[in-house]
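So the structure is just underneath, and the comments pick up after that.
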Amino acid sequence: MLPYLSGEAGEFVNPSSASRAARRVRSALEHARQQVADLVAAEASEVIFTSGGSEANNSVLNHLVFADAKPMLAVGCSEHPAVMLAAERLEQQGVNLLRLAADRDGQFAEEALLQWLETIPQRVRSQSWLSLIYANNETGVLSPVVRFSELCHRYGVRVHSDAVQAAGKVAVNFAASGLTALSLSAHKLYGPKGIGALVLRNGVTLPPLLLGGGQEQQRRAGTENVAAIIGFGAAAALAAATLASEQQRLVTLRQRFEQGLLARCHGALIFAQRAERLPNTTLFALPGVHGATLVEMLDAAGFVLSSGSACGSALANANPRLLALGYRADEALGAVRLSMGQRTTQDDIERLLEVLVRLQRQLGSMANQIPLNGDVR
Amino acid sequence: MSKLPIYLDYSATTPCDPRVAEKMCHYLTLEDGLFGNAASRSHRYGWDSEKAVDAAREAVAALLNADAKEIVWTSGATESNNLAIKGVAQFYQKQGKHIITCKTEHKAVLDTCRHLERDGFTITYLDPEASGLIDLGKLEAAMRSDTILVSIMHVNNEIGVIQDIAAIGALCRSRKILFHVDAAQSAGKIPIDVRTMQVDLMSLSAHKIYGPKGMGALYVQRKPRVRLEAQMHGGGHERGMRSGTLATHQIVGMGEAFRIAREEMAKDSAHALQLRQRLLDGIKDMEEVYINGDLEQRVAGNLNISFNYVEGESLMLALSDIAVSSGSACTSASLEPSYVLRAIGRSDELAHSSIRFSFGRFTTAADVDHTIELLRSRVQKLRDLSPLWEMYKEGIDLSTIQWAAH
């Protein structure tokens, strides 16, 4: 990335300008576009760079309100706020919104989707969307994206998936998925913050969210964030190269953590335990222990985890996305997310387990507990 | 590798100042422990990021005499312009659906306004004077009882002219109309005071002032409070006005760029002005050379000149040792004559023969001298090949000629 910030060889130039240096920058951008496309088995021409996953999600959803007919929208009940809040805003403006219910393992009922598809009037089918997170950012549960795309496809309904947490951690095949659109973010796969992509099926056009300037083939205006795009490309290439081995390594670590947790911490809960999940993510709770408290104590012990996703972590209330899966408020309030990465070792996990066991023992005698079945909202 | 061309295209983008790039690096990788997510409220990685973001917010606000709470981070001035105009239009549409802007605004403003026209808004596109400046009387005459917003840029990206923002601000305030200013080309180059200028919304860009690309901000006045309909929904970042994970390194870069700009504005400006004068002095005896836009009410680093009887694209090719623009970067891939030059009344011929020189912090006198030398010889060479130039020299008035269609 560094040469593209202040490079002595002119790599800092505006790629839309006409100089020779600009041509070199444009070709570097196209290389990065190909690298990102390759990570998710898409065509380079299908990759539109955005300022991140949130912009990509909003680019897909926001246009629905401008549609002439009244299109319908379905989302998973535990979507990332970038999708859920955009969807709820559309609902306020008259878009018919369905929240697809899921069970404690994060599994959606196929019948509910089919029922919804049946209710969509023929004339608005091609303008209606299902938006389903590829891998949940909190529980790590993988959605049945391919299967549901196939069902929607039969009705001519388009499918978008927020793959911000999934890309680079599990194999994503856009070409074979039947998806119309996919959102990606660089900073969840060791790239820089402030850059992401909307992968949009060739032949499909959406009204751009940002207007003015004609960049990204008229699909997203604004001077290209060149350094970040180059960083995204490099991160995507690295992720693609190490995906299989990392996946295996992390699944082993996760299994070790979860088995250890259940065996050594009395009453520990693993959310969506039986579901197929991201290799690096475990959402868990210790009975009666507030997630925020546990996160603070873990921080003091040298472990950085989070209670819920970063975006909503200032909220004191129980996580509505977990309540939507049928968890009780006291369970939801206890949720702590372990998300592991390239540098997480088996030793880290062993030490984390030891600390958790010790903390549970200490907390057992303290008054810091969540009243079971009590009013905790 | 061949020698790099001389960079005289600072209005298109600037390199990051080395001090900016250095500071950004600390926020990218694991080593310094500064890569955290500023929205993570439960651990030090998050807090450190948040602290850095706050410091940058202060630095950006300070340059405008704004409060840090009035700064909303965006992915750049294009997004800021989109957010300001669509956000105001959607929020205040019950009060009126009329917006005033100017024909020489950046595409991000004009295309956004065109989009709003499809949603039932009425837009007045003011004609600027031949100087590129807006006549306040014409602006006032365009104001209606249902006007909700005036959007006028501070410094034009192509011709560099500076609008009288304080006067426009006073006019808008007296008529209770919100005032948005696209300051992408002015912030850090000329003094800005959003209080005395009475600006309600201001778009800012980092990469025009030695910060990173892909980073900008929107100033949104708090007292009296200006409301916006958010265009990106999600985690509720930026007080609900703009969601999305904050790009800490980008924000830190913008903060540092704005801090430096505030401290070094006088020096940078004097430097650019000296170079501009040097270039002007070096070509003042050339024939049929026209300066586009007012020379006095102009930002120091910009000089937009038409070399009559020379085609701009050919001149750019002939000047391949110098990186300049004809028209703005965003439209320079097209061969349409600049809409800005057309709006100030330049003929197609003069618009086509225009070159924008823009000087910056790292431009040297030697760069300018080399440019003068090259300009003089190449313009002459191109004119020697031009039948139009020959006719002009023979005293034929070209405007009287009937060209045959083919």
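Check B:GLN250, B:GLN231 and return the single one that is more than 16 Å from the chain's Cα centre (by Cα), at the interface with chain A (Cβ under 9 Å from one of its Cβ atoms) and open to solvent by less than 20 Å² (accessible area, probe 1.4 Å). First the steps, then the outcome.
Working: B:GLN231 fails: open to solvent by less than 20 Å² (accessible area, probe 1.4 Å).
Going through B:GLN250, B:GLN231 in turn, just one is more than 16 Å from the chain's Cα centre (by Cα), at the interface with chain A (Cβ under 9 Å from one of its Cβ atoms) and open to solvent by less than 20 Å² (accessible area, probe 1.4 Å): B:GLN250.
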Looking at (1) polar (S, T, N, Q); (2) modelled with pLDDT of 90 or more; (3) closer than 30 Å to B:VAL20 by Cβ, which is the one condition that is false for B:SER325? (2)
Filter the range B:73-115 down to residues that are touching a helix residue (DSSP H, G or I) at 6+ places or on another chain (Cβ under 8 Å) and surrounded by fewer than 21 Cβ atoms within 10 Å (Cβ to Cβ) and give me whichever is nearest to the other protein chains (Cβ to nearest Cβ). B:LYS107
Residue by residue through the range B:123-143, note down the ones that are closer than 20 Å to B:VAL109 by Cα and either in contact with a Lys or Arg (Cβ under 6 Å, 6 or more places away or on another chain) or not in a helix (DSSP H, G or I) (or both). B:ILE123, B:THR124, B:TYR125, B:LEU126, B:ASP127, B:PRO128, B:GLU129, B:GLY132, B:LEU133, B:ILE134, B:ASP135, B:MET143
If you go through the range A:67-125 one residue at a time, how many are at pLDDT below 90 and either part of a strand (DSSP E or B) or among the basic types (Lys, Arg) (or both)? 2
In the range A:47-66, the residues that are more than 26 Å from A:ALA227 (Cβ to Cβ), open to solvent by less than 10 Å² (accessible area, probe 1.4 Å) and facing chain B (nearest Cβ under 10 Å): A:LEU61
Confirm whether B:SER49 is of a type in the set (Ser, Thr, Tyr) and within 21 Å of the chain's Cα centre (by Cα). no
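If you go through the range A:1-19 one residue at a time, how many are in a helix (DSSP H, G or I) and more than 7 Å from chain B (Cβ to nearest Cβ)? Spell out how you get there, then give the answer.
Going through the range A:1-19, the residues in a helix (DSSP H, G or I) turn out to be A:3-6.
Adding the requirement that they be more than 7 Å from chain B (Cβ to nearest Cβ) leaves A:3-4.
Number of matching residues: 2.
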Any chance B:LEU341 is within 30 Å of B:LEU64 (Cα to Cα) and buried (at least 23 other Cβ atoms within 10 Å of the Cβ): yes
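Could you please let me know if A:ALA167 is more than 14 Å from every other protein chain (Cβ to nearest Cβ), over 11 Å from the mean Cα position of the chain (by Cα) and either closer than 25 Å to A:ALA275 by Cβ or open to solvent by 30 Å² or more (accessible area, probe 1.4 Å) (or both)? Outline the logic, then answer.
Working: more than 14 Å from every other protein chain (Cβ to nearest Cβ): yes; over 11 Å from the mean Cα position of the chain (by Cα): no; either closer than 25 Å to A:ALA275 by Cβ or open to solvent by 30 Å² or more (accessible area, probe 1.4 Å) (or both): yes.
No, not satisfied.
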Please work out if B:ILE291 is within 14 Å of chain A (Cβ to nearest Cβ) and either open to solvent by 40 Å² or more (accessible area, probe 1.4 Å) or among the aliphatic types (A, V, I, L, M) (or both). no
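Residues are listed down the side, and each one gets a yes or a no for (1) touching a Ser or Thr at 6+ places or on another chain (Cβ under 6 Å); (2) under 30 Å from A:LEU5 (Cβ atoms):
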| site | (1), (2) |
| --- | --- |
| B:ARG276 | no, yes |
| B:GLY282 | no, no |
| B:VAL310 | yes, no |
| B:PRO337 | no, no |
| B:ALA351 | yes, no |
Among (1) assigned to a strand (DSSP E or B); (2) open to solvent by less than 10 Å² (accessible area, probe 1.4 Å), there is one condition A:LEU179 misses while meeting the rest; what is its number? (1)
Residue by residue through the range B:178-199, note down the ones that are open to solvent by less than 10 Å² (accessible area, probe 1.4 Å) and farther than 21 Å from B:ARG262 by Cα. B:PHE179, B:HIS180
State whether the residues of the range B:26-42 include one that is surrounded by fewer than 22 Cβ atoms within 10 Å (Cβ to Cβ), on the phi < 0 side of the Ramachandran plot, more than 7 Å from every other protein chain (Cβ to nearest Cβ) and assigned to a helix (DSSP H, G or I). no
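With respect to A:GLY194, is the statement that it is touching a residue at least 40 places away in the same chain (Cβ under 8 Å) and assigned to a helix (DSSP H, G or I) true? Reasoning before the result, please.
On the way: touching a residue at least 40 places away in the same chain (Cβ under 8 Å): yes; assigned to a helix (DSSP H, G or I): no.
So A:GLY194 fails the test.
The values are calculated or read from the model by the stated rules, or taken from the named source; none is laboratory data. Everything numeric here is computed off the predicted structure, so don't read it as measured data. All Cβ positions, glycine included, derive from the backbone under ideal geometry; neighbour counts span all protein chains shown. Just so you know, the surface numbers come from the protein's heavy atoms only, side chains and all, with ligands and any DNA or RNA stripped out. Shrake-Rupley method; radii C 1.70, N 1.55, O 1.52, S 1.80 Å.
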